[in-house]
Structures are given as structure tokens and as C-alpha cells.
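Engineer: Submitted below is the structure of interest, expressed as C-alpha cells.
The values are calculated or read from the model by the stated rules, or taken from the named source; none is laboratory data. Keep in mind that what you see is a predicted model, and the values were worked out from it rather than measured. We place every Cβ from the backbone using ideal geometry, glycine too, and count neighbours over all the protein chains shown. The accessibility values were calculated without ligands, DNA or RNA, using every heavy atom of the protein model including side chains. Shrake-Rupley method; radii C 1.70, N 1.55, O 1.52, S 1.80 Å.
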Amino acid sequence: MTEPVVTHDPYQLRYEAHQGSQVVGRLDYEVLERVINFTHTVVLPEFEGQGVGSTLVRHALDDVRKHGRYRVNPICPFVAMWIKRHPPYVDLLAEPDAD
């Protein structure tokens with residue numbers, strides 16, 4: 001599988017992963033003041049385990065970093081674990097973990 005194309009839909013507050021014309025995953029969020037709460041990651045069952053979720057998270061965090069206005073609160077356990085496994089993104093956290 002080729003890496004999905006990720007788009008941002010600010011009207012629906014989500015990032016979407018596309019394979020061709022099909023949306024195969026999404027990362028939902030909400031914005032409260034200067035914090036983006038990543039609330040839920042969904043990947044279609046037939047695309048699980050193929051890096052779609054990781055691609056979504058990396059793209060979304062890179063987008064947050066690029067715009068530089070927000071901090072991140074990973075409410076979604078998948079996003080929280082991804083950040084923990086990728087230390088270069090810890091600086092985006094609204095409240096960095098003490099460990």
C-alpha cells in the first residue's frame with residue numbers, strides 16, 4: 001500500500017487519510033482557546049496495521065507545528081502513545097508528561 005494522502009477539513013474538525021477517492025481513516029479534534037484536543041482516530045478495518053493512523057498523526061502534528069499557534073492535548077490514546085514513541089513531538093504537548 002502506498003502512503004495515504006492526508007487532507008485537513010477545518011470545517012468538520014478532522015484530518016482525513018485518502019487512498020485514491022476513498023477516505024480510509026480520520027483524526028478528529030476540537031479547539032479550545034490555544035489547545036487542540038485530538039479526540040479520536042479511526043481507520044477502516046481493512047487498512048488497520050498499515051500505518052494509516054501514524055500517517056494521520058504525523059501529518060496533523062506537523063501541521064500544528066507549522067502554524068505555531070497551538071499546543072496539543074492527546075485525548076485519543078493512539079495519539080498519546082504515538083507522541084510518546086516519537087520524542088521530537090513532545091514539545092507540542094500542552095502539558096508535557098513528567099516522565
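Engineer: For residue 23, state whether it is surrounded by fewer than 18 Cβ atoms within 10 Å (Cβ to Cβ) and aliphatic (A, V, I, L, M). Full working, then the answer.
Structural biologist: On the way: surrounded by fewer than 18 Cβ atoms within 10 Å (Cβ to Cβ): yes; aliphatic (A, V, I, L, M): yes.
So residue 23 fits the description; yes.
Engineer: Taking the range 32-43 as the search range and keeping residues that are touching a helix residue (DSSP H, G or I) at 6+ places or on another chain (Cβ under 8 Å) and not hydroxyl-bearing (Ser, Thr, Tyr), which one is surrounded by the most Cβ atoms within 10 Å (Cβ to Cβ)? I'd like the intermediate steps shown before the answer.
Structural biologist: Pass one, the range 32-43, residues touching a helix residue (DSSP H, G or I) at 6+ places or on another chain (Cβ under 8 Å): 36, 38, 41, 43.
Narrowing the set further to residues that are not hydroxyl-bearing (Ser, Thr, Tyr) leaves 36, 38, 43.
Numbers: 36: 23, 38: 25, 43: 22.
Ranking the candidates gives 38 first.
Engineer: From the list 29, 89, 15, exactly one residue is open to solvent by 30 Å² or more (accessible area, probe 1.4 Å) and of a type in the set (Ser, Thr, Tyr). Which is it? It would help to see each step written out before you state the result.
Structural biologist: Numbers: 29 fails: open to solvent by 30 Å² or more (accessible area, probe 1.4 Å); 15 fails: open to solvent by 30 Å² or more (accessible area, probe 1.4 Å).
After applying the criteria, what remains is 89.
Engineer: Which number in (1) at pLDDT 95 or above; (2) open to solvent by 70 Å² or more (accessible area, probe 1.4 Å) marks the one condition that residue 69 misses?
Structural biologist: (1)
Engineer: Determine, yes or no, whether residue 94 is touching a residue at least 24 places away in the same chain (Cβ under 8 Å) and in contact with a Lys or Arg (Cβ under 6 Å, 6 or more places away or on another chain).
Structural biologist: Numbers: touching a residue at least 24 places away in the same chain (Cβ under 8 Å): yes; in contact with a Lys or Arg (Cβ under 6 Å, 6 or more places away or on another chain): yes.
Spelling it out, residue 94 is indeed touching a residue at least 24 places away in the same chain (Cβ under 8 Å) and in contact with a Lys or Arg (Cβ under 6 Å, 6 or more places away or on another chain).
Engineer: Please determine whether any residue of the range 51-63 is open to solvent by 40 Å² or more (accessible area, probe 1.4 Å), of a type outside the set (Asp, Glu) and more than 10 Å from the chain's Cα centre (by Cα).
Structural biologist: Of the residues in the range 51-63, the ones open to solvent by 40 Å² or more (accessible area, probe 1.4 Å) are 54, 58-59, 62.
Next, only the ones that are of a type outside the set (Asp, Glu) stay: 54, 58-59.
Narrowing the set further to residues that are more than 10 Å from the chain's Cα centre (by Cα) leaves none.
Taking every residue of the range 51-63 in turn, none turns out to be open to solvent by 40 Å² or more (accessible area, probe 1.4 Å), of a type outside the set (Asp, Glu) and more than 10 Å from the chain's Cα centre (by Cα).
Engineer: Determine which member of the set 75, 83 is open to solvent by 70 Å² or more (accessible area, probe 1.4 Å) and of a type in the set (Val, Ile, Thr). Don't jump to the end; show me each part of the working.
Structural biologist: Working: 83 fails: open to solvent by 70 Å² or more (accessible area, probe 1.4 Å).
Unique residue meeting the criteria: 75.
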